[in-house]
1. Please report, ordered by residue number, every helix of the chain (full DSSP H runs) that is 18 Å or longer along its axis going by C-alpha atoms and whose mean Kyte-Doolittle hydropathy reaches -0.5.
2. THR60 to GLU307: FRET efficiency via 1/(1 + (r/R0)^6), r the Cβ-Cβ distance, R0 56 Å, to the nearest 0.05?
3. Tally the DSSP beta bridges in region 15-148 and give the antiparallel ones as a percent, rounded to 5.
4. Could you tell me how far the Cα centroid of region 17-44 sits from the Cα centroid of region 108-135, in Å?
5. Restricting to the chain, what percent of DSSP beta bridges are antiparallel, rounded to 5?
6. Could you work out the Rg to Rh ratio of the chain, with Rh taken as the Kirkwood radius (inverse of the mean 1/r over all Cα pairs)?
7. For a distance above 22 Å, tell me the whole-number percent of Cα pairs in region 264-356 that qualify.
8. Give the share of C-alpha pairs in each 5 angstrom bin for region 3-137, from 0 to the last occupied bin, in whole percents, shortest bins first.
Amino acid sequence: MTQFAERRKRAAIALAEHAADAIIVSGLPNVRYLTGFTGSNGLLILSPGHALLLSDPRYTIQAGQEADCAIRIARGSLYEVAAKVVARKKWKRVAIERGRMTHGGFLELDDKLGAGVRLRPIGGLVERLRMVKSSSEIDAIRKSVQTNSRAFDEAIRSIRPDMTETGLAAELEYRMRQSGAERPAFETIVASGARTALPHAQPTGEKLHKLLLVDMGCMQAGYASDMTRMLHLGKPGPQARKLYRAVLEAQLAALAAVRAGTKAGEVDRAARKVLKAHGFDKAFVHSTGHGLGLEIHEAPRLGKKDETVLETGMAITIEPGAYIEGVGGVRIEDTVVVTDSGCDVLTPTSKELVVV
Ligand code: ZN
Ligand code: ZN
């Protein structure tokens, strides 16, 4: 049995709990997870013992090479084909993926299905399976992390006083592709000076100065990496150093809290406790981390109230931060894998504040 067939079997078992005859998988990362198909247009119709991948003629060759299940190539709407399959199979209760299907897709499917068919939106069925990574997935994430860190190391050597935020972002992305990445996992964040206080800053044409935040990740063999590091152009002042030390301490505390059996929320609380002791608790405006894999943001979310129990093999980020308007912000982020006794930090890059 291929790894994809194995995953489909587990998905079909999970589906049984929802009393549905079949599920129409429309989230492309979920389609990829269950079939191997990496195209940009696809639907998977999955029921116990039956899997049919639908795509269009652009993907005839690719789907045949990648997917290990039955394939139907159709012109026009895939939802129309899906509705015909449902009618032929005489299914009455069909699950769809909440939060993955477009509203237009839902309306079209609902319209084409017979009156006696109930569409049942369910959330997170495949996403839950995806939380715990196989050893080959962990290898892929490790490779992606290494490429990302290499690109960072190479790019920061080329930092010059007249370089702009966009210039450095371009250098980072060029280097990651040169090292084997397919693409950035998200829009590379380069922010300098007071703009580091914007957790998701977009790079601008501003010249790099003083405190510099780089948050970057790449996709390699389909798997994401994610890292944030801080640099300082010139000698950092006491304020920047204080903020940096506090966030580093929080990040180390959160890393120390990770282990199988711990709730995701407890890891978040470990980071928050440290920042509170330094008086920066109100400056920490996001959660401590997130799962990653075929997508840059996956379950679990390491937020205050997340009750997910961490399991060996989960790939997550640990990234506390503190942001002060008009002054600047600091975030430090690693990609780690949960183990029985703690975690394996995949990110090899040093966490010292890099002074350039
Ligand atoms: Zn990041
Ligand atoms: Zn992240």
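1. Sorted by number, the helices that extend far enough and score high enough are 3-16, 238-257, 264-277.
2. For THR60 and GLU307, the calculated efficiency is 0.80.
3. Close to 40 percent.
4. Centre-to-centre distance over Cα atoms comes out at 8 Å.
5. Taking every DSSP beta bridge within the chain, about 75 percent pair in antiparallel fashion.
6. 1.03
7. Tail fraction, whole percent: 31.
8. Final binned percentages: 2, 11, 23, 25, 22, 13, 4, 1, 0.
The values are calculated or read from the model by the stated rules, or taken from the named source; none is laboratory data. Just so we're clear, the structure is a prediction, and the values are computed from it rather than from any experiment. No Cβ is skipped: glycine too gets one built from the backbone with ideal geometry, and neighbour counts run over all protein chains shown. The protein model used for the area step is the full one, side chains on, heavy atoms only, and it has no ligands, DNA or RNA in it. Shrake-Rupley method; radii C 1.70, N 1.55, O 1.52, S 1.80 Å.
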